[in-house]
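Below is one structure, written out as C-alpha coordinates; comments come after it.
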Amino acid sequence: MDIAAVNGLPYEDFVDIFGNVVEKCPIITAAVWTKRPFASLNALEAAIHEFIDALPQSGKEGILRCHPDLAGRDLHSGTLTRESREEQARAGMHALGPEESRRVARLNDEYKQRFGFPFVICARMSDKASILLQLSERCRNERAVELARGIEEVKKICRLRLQGLVHSDAPNKL
(Lines give C-alpha, C1' and ligand atoms only; values in the text may rest on other atoms or scores of the structure.)
Protein backbone atom coordinates (compact mmCIF):
# COMPACT_ATOMS: atom_id res chain seq x y z
CA MET A 1 0.00 0.00 0.00
CA ASP A 2 1.51 3.33 -0.97
CA ILE A 3 0.93 6.65 0.76
CA ALA A 4 -1.66 7.70 -1.84
CA ALA A 5 -3.72 4.63 -0.95
CA VAL A 6 -3.32 5.41 2.76
CA ASN A 7 -4.48 8.98 2.18
CA GLY A 8 -7.48 7.75 0.19
CA LEU A 9 -8.79 5.47 2.92
CA PRO A 10 -12.17 6.38 4.38
CA TYR A 11 -12.09 7.07 8.12
CA GLU A 12 -13.47 3.66 9.15
CA ASP A 13 -11.00 1.76 6.98
CA PHE A 14 -8.08 3.89 8.16
CA VAL A 15 -8.93 3.16 11.80
CA ASP A 16 -9.57 -0.53 11.07
CA ILE A 17 -6.19 -0.90 9.37
CA PHE A 18 -4.02 1.36 11.57
CA GLY A 19 -5.98 1.27 14.83
CA ASN A 20 -3.52 -0.98 16.65
CA VAL A 21 -0.20 0.55 15.60
CA VAL A 22 -0.28 1.85 19.17
CA GLU A 23 -1.50 -1.11 21.22
CA LYS A 24 -5.25 -0.98 21.88
CA CYS A 25 -5.34 2.79 21.18
CA PRO A 26 -7.41 3.29 18.00
CA ILE A 27 -8.33 6.77 19.24
CA ILE A 28 -4.83 7.88 18.22
CA THR A 29 -5.23 6.85 14.59
CA ALA A 30 -8.78 8.19 14.62
CA ALA A 31 -7.41 11.57 15.65
CA VAL A 32 -4.53 11.67 13.15
CA TRP A 33 -6.80 10.72 10.23
CA THR A 34 -7.79 14.40 10.11
CA LYS A 35 -4.15 15.35 9.41
CA ARG A 36 -4.31 13.79 5.92
CA PRO A 37 -2.91 13.95 3.37
CA PHE A 38 0.37 12.59 4.61
CA ALA A 39 3.39 13.26 2.40
CA SER A 40 4.94 9.92 3.37
CA LEU A 41 4.84 7.06 5.83
CA ASN A 42 7.27 9.07 7.94
CA ALA A 43 4.77 11.94 8.01
CA LEU A 44 2.02 9.58 9.23
CA GLU A 45 4.36 8.26 11.89
CA ALA A 46 5.31 11.82 12.90
CA ALA A 47 1.62 12.74 13.25
CA ILE A 48 1.08 9.79 15.59
CA HIS A 49 4.18 10.68 17.62
CA GLU A 50 3.12 14.32 17.86
CA PHE A 51 -0.29 13.25 19.15
CA ILE A 52 1.36 11.06 21.80
CA ASP A 53 3.88 13.76 22.76
CA ALA A 54 1.08 16.31 23.23
CA LEU A 55 -0.72 14.11 25.76
CA PRO A 56 -0.50 14.94 29.45
CA GLN A 57 1.37 12.49 31.66
CA SER A 58 -1.88 10.66 32.49
CA GLY A 59 -2.51 10.05 28.77
CA LYS A 60 0.97 8.67 28.25
CA GLU A 61 0.54 6.42 31.28
CA GLY A 62 -2.77 5.27 29.78
CA ILE A 63 -1.03 4.28 26.54
CA LEU A 64 1.48 2.23 28.52
CA ARG A 65 -1.31 0.58 30.53
CA CYS A 66 -2.87 -0.64 27.27
CA HIS A 67 0.15 -2.88 26.74
CA PRO A 68 0.06 -6.45 28.01
CA ASP A 69 2.60 -7.96 30.35
CA LEU A 70 5.36 -9.73 28.45
CA ALA A 71 4.75 -13.49 28.63
CA GLY A 72 1.85 -12.72 30.96
CA ARG A 73 -1.78 -13.68 31.42
CA ASP A 74 -2.89 -12.48 27.97
CA LEU A 75 -0.26 -14.60 26.23
CA HIS A 76 -1.23 -17.71 28.19
CA SER A 77 -4.98 -17.17 27.79
CA GLY A 78 -4.72 -16.38 24.08
CA THR A 79 -6.14 -12.87 24.42
CA LEU A 80 -3.16 -10.90 23.08
CA THR A 81 -3.74 -8.82 20.00
CA ARG A 82 -2.46 -10.50 16.84
CA GLU A 83 0.40 -8.01 16.68
CA SER A 84 1.52 -8.55 20.28
CA ARG A 85 1.24 -12.32 19.94
CA GLU A 86 3.49 -12.30 16.86
CA GLU A 87 5.98 -9.87 18.41
CA GLN A 88 6.28 -11.79 21.67
CA ALA A 89 6.58 -15.11 19.82
CA ARG A 90 9.30 -13.74 17.54
CA ALA A 91 11.27 -12.70 20.64
CA GLY A 92 10.82 -16.15 22.20
CA MET A 93 8.55 -15.03 25.03
CA HIS A 94 6.03 -17.80 24.24
CA ALA A 95 8.64 -20.48 24.95
CA LEU A 96 9.85 -19.68 28.45
CA GLY A 97 10.73 -22.52 30.75
CA PRO A 98 9.07 -22.78 34.18
CA GLU A 99 11.93 -20.95 35.96
CA GLU A 100 11.97 -18.14 33.36
CA SER A 101 8.18 -17.84 33.52
CA ARG A 102 8.27 -17.38 37.30
CA ARG A 103 11.08 -14.83 36.98
CA VAL A 104 9.23 -12.83 34.31
CA ALA A 105 5.99 -12.90 36.32
CA ARG A 106 7.83 -11.69 39.43
CA LEU A 107 9.64 -8.91 37.52
CA ASN A 108 6.44 -7.86 35.71
CA ASP A 109 4.68 -7.56 39.09
CA GLU A 110 7.59 -5.68 40.63
CA TYR A 111 7.74 -3.29 37.68
CA LYS A 112 3.99 -2.58 37.71
CA GLN A 113 3.97 -2.03 41.47
CA ARG A 114 6.88 0.38 41.21
CA PHE A 115 5.71 2.38 38.20
CA GLY A 116 1.94 1.88 37.91
CA PHE A 117 2.09 0.64 34.31
CA PRO A 118 3.50 -2.45 32.59
CA PHE A 119 6.99 -2.86 31.23
CA VAL A 120 7.04 -1.98 27.52
CA ILE A 121 9.81 -2.94 25.14
CA CYS A 122 9.89 -3.33 21.37
CA ALA A 123 9.97 -7.13 21.32
CA ARG A 124 10.61 -7.22 17.56
CA MET A 125 13.96 -5.54 18.17
CA SER A 126 14.86 -7.81 21.09
CA ASP A 127 15.32 -11.41 22.00
CA LYS A 128 14.35 -13.27 25.14
CA ALA A 129 17.71 -12.71 26.86
CA SER A 130 17.78 -8.96 26.20
CA ILE A 131 14.15 -8.57 27.27
CA LEU A 132 14.81 -10.34 30.56
CA LEU A 133 17.90 -8.22 31.15
CA GLN A 134 16.08 -4.97 30.36
CA LEU A 135 13.12 -5.92 32.55
CA SER A 136 15.44 -6.60 35.46
CA GLU A 137 17.56 -3.46 34.95
CA ARG A 138 14.72 -1.05 34.23
CA CYS A 139 12.96 -1.98 37.49
CA ARG A 140 15.64 0.16 39.19
CA ASN A 141 15.00 3.34 37.17
CA GLU A 142 13.16 6.42 38.34
CA ARG A 143 9.49 6.66 37.36
CA ALA A 144 9.96 9.64 35.03
CA VAL A 145 12.76 7.81 33.22
CA GLU A 146 10.58 4.74 32.75
CA LEU A 147 7.60 6.77 31.54
CA ALA A 148 9.79 8.39 28.88
CA ARG A 149 11.49 5.10 28.01
CA GLY A 150 8.16 3.28 27.74
CA ILE A 151 6.81 5.93 25.36
CA GLU A 152 9.96 5.68 23.22
CA GLU A 153 9.44 1.91 23.05
CA VAL A 154 5.79 2.49 22.04
CA LYS A 155 7.04 4.69 19.20
CA LYS A 156 9.44 1.96 18.01
CA ILE A 157 6.59 -0.56 18.06
CA CYS A 158 4.40 1.91 16.18
CA ARG A 159 7.04 2.45 13.49
CA LEU A 160 7.51 -1.26 12.89
CA ARG A 161 3.77 -1.92 12.84
CA LEU A 162 3.25 0.93 10.36
CA GLN A 163 6.03 -0.41 8.16
CA GLY A 164 4.51 -3.87 8.29
CA LEU A 165 1.14 -2.55 7.17
CA VAL A 166 2.44 -0.32 4.40
CA HIS A 167 5.52 -2.23 3.19
CA SER A 168 5.25 -5.97 2.63
CA ASP A 169 9.05 -6.28 2.91
CA ALA A 170 9.33 -4.34 6.17
CA PRO A 171 12.50 -4.98 8.16
CA ASN A 172 12.63 -5.51 11.90
CA LYS A 173 14.96 -2.57 12.27
CA LEU A 174 14.31 1.11 12.72
Inset, instruction - Pull out a ≥ b ≥ c, the square roots of the eigenvalues of the alpha-carbon gyration tensor of segment 63-174, then state rounded if a/c is under 1.5, prolate if not and a/b is larger than b/c, and oblate in the remaining case. - result: oblate
Inset, instruction - Would you mind telling me the share, in percent, of accessible area of segment 70-150 contributed by carbon and sulfur at probe 1.4 angstrom? - result: 50 percent
Legend entry - At least 27 Å along the helix axis (C-alpha) and Kyte average at least -0.5, DSSP helices within the chain: 143-166
Inset, instruction - Please get the size of the charge dipole for segment 1-108, origin at its Cα centre, with Cβ charges of +1 on Lys and Arg and -1 on Asp and Glu, quoted in debye to the nearest 20. - result: 360 debye
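Going down the table (112/155; 24/156; 60/156; 35/156; 35/60), which pairs top 18 Å between alpha carbons?
112/155; 35/156; 35/60, as the Cα separations exceed 18 Å there.
Quick one: which of 11-21, 141-151 comes out on top by average Cβ neighbours within 10 Å, and what's the full order, highest first?
Those peptides, ordered most packed to least, come out 11-21, 141-151.
Mean residue ellipticity at 222 nm from the helices of the chain, using -39,500 (n - 2.57) per DSSP H segment of n ≥ 4 over the full residue count, to the nearest 500 deg cm²/dmol?
-19000 deg cm²/dmol
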Inset, instruction - Kindly provide log₁₀ I(q)/I(0) values, in the same order as q = 0.09, 0.14, 0.15 Å⁻¹, from the Debye equation applied to equal alpha-carbon scatterers of segment 1-138. - result: -0.32, -0.73, -0.81
Legend entry - Å² per residue, accessible surface of segment 70-150 at 1.4 Å: 52 Å²
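The values are calculated or read from the model by the stated rules, or taken from the named source; none is laboratory data. These figures come from a predicted structure and were not determined experimentally. When we count neighbours, we look across all protein chains shown, and the Cβ atoms used for this are built from the backbone with ideal geometry, even at glycine. Just so you know, the surface numbers come from the protein's heavy atoms only, side chains and all, with ligands and any DNA or RNA stripped out. Shrake-Rupley method; radii C 1.70, N 1.55, O 1.52, S 1.80 Å.
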